[in-house]
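Structure first, then comments.
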Amino acid sequence: LVMCSTDNKPSKEAQYISLLKQKKVDGIIVSTGFSEEALLQSLIEQHIPIALLARDMPSLEADSVKVDDAWGGYRAVSHLVELGHRRIAVIAEDLKLANMRERVQGYWRALSEAEIPFDDGLVEVSDFSADGAKNCAYRLLERPKPPTAIFACNDLLATGVIRAARELGLTIPWDLSVVGFDDIAVAEIVDPPLTTVAQPIARMGRQVIDLLVEEIRGQK
């Protein structure tokens, strides 16, 4: 097993794919935030089996395993609506990422169904870091009419929101409700534990391996 961490940087992804090709790996699972479609297409044309995890690229002839991100975003925000919140903000990563766009679409849908007017001032885009999310949360919470709840589109961003709230003297969940997405280990470590939309990561990992092995064995 060869694992390569790209830090969501396209240049590192290209370097690692080149390295894996040199190592003549039997197959590659791609689970990065950014991917050059042409780069992955070249792997397919060279008959290198690939499969995508937690993302989808419909233009490629490749298997993918992912959750319904729009439904997850909808359920996260619907939960906040059920708690009585009307001013709900969202912090996402780069909206060029399909899963981020879909989670924000779920946010919009939940607001629409609850007849809550959309306020683009309650939408922030962060880089992939807790510090970036903290800065976004500061901007939201220091508005004249701050949100009473924030949906962070992944758990790492949610930790940044929690840090900002504490630095501003806010108590979670009494002064501010926070919901994340993914259910990574940090969700249980923070105090209080983070409410989050859980992805079945282990199950997804098993399924993508099964699909890739079938491809490698020519059983597809």
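For the stretch 131-186, what are the residues that are at pLDDT 90 or above and acidic (Asp, Glu)? Within the stretch 131-186, GLU142, GLU167, ASP175 meet the criteria. Among the residues of the stretch 5-23, is any assigned to a strand (DSSP E or B) and in contact (Cβ under 8 Å) with a residue 24 or more places away in the chain? No, the stretch 5-23 contains no residue that is assigned to a strand (DSSP E or B) and in contact (Cβ under 8 Å) with a residue 24 or more places away in the chain.
Matching residues to (1) over 21 Å from the mean Cα position of the chain (by Cα); (2) among the hydrophobic types (A, V, I, L, M, F, W, C); (3) in a loop (DSSP other than H, G, I, E, B):
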residue	(1), (2), (3)
ASP127	no, no, yes
LYS134	no, no, no
THR159	no, no, no
ILE172	yes, yes, yes
ALA187	no, yes, no
PRO193	no, no, yes
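Look at the stretch 39-65 and say how many of its residues are open to solvent by 20 Å² or more (accessible area, probe 1.4 Å), aliphatic (A, V, I, L, M), within 17 Å of ARG217 (Cα to Cα) and in contact with a strand residue (DSSP E or B) (Cβ under 6 Å, 6 or more places away or on another chain). Result for the stretch 39-65: 1.
Those residues that are among the polar types (S, T, N, Q) and surrounded by 18 or more Cβ atoms within 10 Å (Cβ to Cβ), I need them from the stretch 149-194; list them, please. Walk me through it before giving the result.
We begin by selecting, within the stretch 149-194, every residue among the polar types (S, T, N, Q); these are 154, 159, 171, 177.
Residues satisfying the conditions are ASN154, THR159, SER177.
Being part of a helix (DSSP H, G or I), open to solvent by 20 Å² or more (accessible area, probe 1.4 Å) and out of contact with any helix residue (DSSP H, G or I) (no Cβ under 9 Å at 6 or more places or on another chain) is a condition met by at least one residue of the stretch 105-124.
When the stretch 81-98 is limited to residues that are without any contact (Cβ under 8 Å) to a residue 40 or more places away in the chain and touching a helix residue (DSSP H, G or I) at 6+ places or on another chain (Cβ under 9 Å), the one that is most open to solvent (accessible area, probe 1.4 Å) turns out to be LEU95. Just one of the numbered conditions (1) in contact (Cβ under 8 Å) with a residue 12 or more places away in the chain; (2) over 20 Å from ARG139 (Cα atoms); (3) within 15 Å of the chain's Cα centre (by Cα) is not true of ARG101; which one? The number of the failed condition is (1). Cβ-Cβ contacts under 7 Å between residues 6 or more apart (or on different chains), taken from a first residue in the stretch 38-50 that is touching a residue at least 60 places away in the same chain (Cβ under 8 Å) to a second residue that is β-branched (Val, Ile, Thr) and not in a helix (DSSP H, G or I), are listed as ILE50/ILE28; ILE50/VAL30. For the stretch 9-32, what are the residues that are of a type in the set (Asp, Glu) and surrounded by 16 or more Cβ atoms within 10 Å (Cβ to Cβ)? Correct list: GLU13 only.
Taking each residue of the stretch 111-140 that is closer than 14 Å to ASP155 by Cα and looking for partners that are among the polar types (S, T, N, Q) and in a helix (DSSP H, G or I) with beta-carbon atoms closer than 7 Å, six or more apart or interchain, yields ALA130/THR159.
The values are calculated or read from the model by the stated rules, or taken from the named source; none is laboratory data. Here the structure is a predicted model, which means the values were calculated and not measured. Reconstructed Cβ throughout: ideal geometry from the backbone, glycine too, with neighbour counts over all protein chains shown. We work out accessible area using only protein heavy atoms, side chains counted, and drop any ligands, DNA or RNA first. Shrake-Rupley method; radii C 1.70, N 1.55, O 1.52, S 1.80 Å.
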